[in-house]
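The structure appears below as structure tokens.
The values are calculated or read from the model by the stated rules, or taken from the named source; none is laboratory data. It should be emphasised that the depicted structure is a prediction, and the values quoted were computed from it without experimental measurement. Cβ: placed from backbone, ideal geometry, glycine included. Neighbour counts: every protein chain shown. We work out accessible area using only protein heavy atoms, side chains counted, and drop any ligands, DNA or RNA first. Shrake-Rupley method; radii C 1.70, N 1.55, O 1.52, S 1.80 Å.
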Amino acid sequence: MKAKGKVIFFGEHAVVYGYTALSLPINLSTNVNIKKNDNLVIELKNLNKKLGFEEAKKDKDFRYVIKAIELLKVKEPFFLSVSSELPVSCGLGSSASVVVATIRALSKFFNLNLPKKEIAKLSHRVEREVQGKASITDTYTISYERALKIRNNEFSFIDEFEKTVREEKLYIAYVEEREMKTADLIKVVSEKEEKEEIFKEIEEITREALSSDVERIKELMLENHKLLDKLGVSTKGLNRVVRLAKKFGCGAKLTGAGGGGCVIILGDLNEEEKELIEKIVKSLYLA
Ligand code: MEV
């Protein structure tokens, strides 16, 4: 079973404190396959790791999958294999995608017929238990595969916003590996004295974006990025890519928890511009 990744367009970090975020599913996905087996074995293909359940419990890389299996209380053994197109730990929701794909695959294999709502709820629970503080943004966007507005851990669909954004090309620049985990970045923000004022500014931007045209959305992305930088979650590398994209007339901002990872770029890039960006990032995807 597959599950997509996600990008946050506006409002990351602020959303953890009950403010608004706007998110979109993206077409890079995780695949989880399950088949019958005499023992419970889990394989993480991208990491080249394959372990029995008891061993896997001791390995951090398996935490999300283990928690999902434990939560569903499934009894019979199986072989579960995870592979993903999503670069890990870079703000594209790779962990949430693994959790949702795992729960979907378990639901199918054991005929649990879990509805979307239940999959979203369980996935968020897994993320919270493994990671600590976490909004529903990643797990719900991926479970529903729709653009969402999240506020106070409640959500609504924002198809119109997605349509507006999709009038332009959307690129994901994977800039650099993240130095810190999401939980650590949330902690950095929690220690920022002026965080509430910054969140309020982000909230205004996010609300305006929801009813803006694509040109204004591009400007608002740049403003949101500046505020994320002020919160202390941007990096020199991310700022450099945002600056370059701005020079090319695009909207751009870091997406997700920050501390490295990815920048989303909204707008057209010609071949030369693409090459210049490619020179300073690990990879550039069309999302
Ligand atoms: C993670 O993709 C985005 C954060 O806002 C954390 C969360 O929403 O749980 C930093």
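Observations, loosely collected:
- Selected residue (criterion: farthest from the ligand (Cβ to nearest atom)) from residues of region 150-171 that are open to solvent by less than 80 Å² (accessible area, probe 1.4 Å), over 28 Å from Leu122 (Cα atoms) and in contact (Cβ under 8 Å) with a residue 60 or more places away in the chain: Glu168
- Subset of region 129-149 [more than 12 Å from the ligand (Cβ to nearest atom) and within 20 Å of Tyr19 (Cα to Cα)]: Arg146, Ala147, Lys149
- Of the candidates Lys282, Lys253, Lys246, the single residue that is out of contact with any helix residue (DSSP H, G or I) (no Cβ under 8 Å at 6 or more places or on another chain) and either outside the structural domain of Ala14 (by TED's automatic domain parsing) or without any contact (Cβ under 8 Å) to a residue 12 or more places away in the chain (or both) is Lys282.
- Scope region 1-28; condition more than 15 Å from the ligand (Cβ to nearest atom) and modelled with pLDDT under 95; matching residues: Asn27
- Take the conditions (1) within 16 Å of the ligand (Cβ to nearest atom); (2) modelled with pLDDT of 95 or more; (3) of a type in the set (A, V, I, L, M, F, W, C); Ala287 misses just one of them, which is (2).
Residue by residue, here is whether (1) crowded, with 20+ Cβ neighbours inside 10 Å; (2) in the same structural domain as Lys236 (by TED's automatic domain parsing); (3) modelled with pLDDT under 95 holds:
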| residue | (1), (2), (3) |
| --- | --- |
| Leu122 | yes, no, no |
| Thr137 | yes, no, no |
| Tyr140 | yes, no, no |
| Leu148 | yes, no, no |
| Ala173 | yes, yes, no |
| Glu179 | no, yes, yes |
| Ser190 | no, yes, no |
| Lys200 | no, yes, no |
| Glu204 | no, yes, no |
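- Residue check for Lys253: within 22 Å of the chain's Cα centre (by Cα) and not acidic (Asp, Glu): yes
- Among the strands (runs of 3 or more DSSP E) confined to region 31-86, the ones with at least 2 residues that are of a type in the set (Phe, Trp, Tyr) are located at 78-84.
- Filter result (assigned to a helix (DSSP H, G or I), in contact with a strand residue (DSSP E or B) (Cβ under 8 Å, 6 or more places away or on another chain) and among the polar types (S, T, N, Q)) within region 208-252: Asn224
- Verdict on Ala105 being crowded, with 24+ Cβ neighbours inside 10 Å, within 23 Å of the chain's Cα centre (by Cα), small (Gly, Ala, Ser) and not in a loop (DSSP other than H, G, I, E, B): no
- Residues of region 243-271 satisfying the condition of being away from the ligand (no atom under 13 Å from the Cβ) and polar (S, T, N, Q): Asn270
- Subset of region 202-240 [among the charged types (D, E, K, R) and closer than 21 Å to Val165 by Cβ]: Glu203, Glu204, Arg207, Glu208, Asp213, Glu215, Arg216, Lys218, Glu219, Glu223, Lys226
- Residue match in region 217-225 (condition: within 16 Å of the ligand (Cβ to nearest atom), within 21 Å of Glu179 (Cα to Cα) and either at pLDDT 95 or above or not assigned by TED's automatic domain parsing to the domain that holds Ser94 (or both)): yes
- Only one entry of Ala209, Ala183 meets the criterion of being within 14 Å of the ligand (Cβ to nearest atom) and either surrounded by 17 or more Cβ atoms within 10 Å (Cβ to Cβ) or over 25 Å from Lys274 (Cα atoms) (or both), and that entry is Ala183.
- Filter result for Phe155 (part of a strand (DSSP E or B) and in contact with a Lys or Arg (Cβ under 9 Å, 6 or more places away or on another chain)): yes
- For the residues Glu215, Glu201, Glu219, the requirement of being free of Cβ contacts under 8 Å to residues at least 12 places away in the same chain and not hydrophobic (A, V, I, L, M, F, W, C) singles out Glu215.
- Residue list for region 242-261, restricted to those being open to solvent by less than 30 Å² (accessible area, probe 1.4 Å) and over 19 Å from Gly5 (Cβ atoms): Val242, Ala245, Cys250, Gly251
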